[in-house]
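First the structure, in the form of structure tokens, and then the observations on it.
Readers should treat all values here as calculations from the given coordinates under stated rules, not as data from a laboratory. Since this is a predicted model, take the numbers as computed values, not measurements. For neighbour counting, all protein chains shown are included, and Cβ atoms are generated from backbone atoms with ideal geometry for every residue, glycine included.
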Amino acid sequence: MSDSSAVRRDKKGGGPEPEKRTSLPTFYRQVVAELRKVVWPTQEQLVTYFFVVMIFVIVMIGIVSALDLGFGKLAFAIFTGGSDT
């Protein structure tokens, strides 16, 4: 394995300085500043996204349910010898 200069520092202080921890108020100010940069969706976009996600979830539920039913019937047929009585 090769040692990376970013990971391994010289014992004589030749490597990069470790970053100082950010104080809680500074962190909070940075979070608020980043949230101000976010482009929030309009109500119309939000409703559209909601319906798209709900339709996708319903379709996926249908697919998974059909596969579950099919595999269940197949397993039942295999383990009971194929007789329906």
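For trypsin sites (Lys or Arg not before Pro), the sites in the range 16-85 that DSSP calls loop and that have at most 13 other Cβ atoms within 10 Å are 20, 21. Put simply, the range 17-72 fits an ellipsoid with semi-axes of 43, 21, 7 Å; these come from the alpha carbon gyration tensor as the roots of five times its eigenvalues, largest first.
Here the spin labels are modelled as points 7 Å beyond Cα on the Cα-Cβ line, and at residue 39 and residue 67 they lie 3.5 nm apart.
Over the range 41-85, all Cα pairs binned in 10 Å intervals from 0 give whole-percent P(r) values of 25, 25, 19, 15, 10, 5, listed from short to long.
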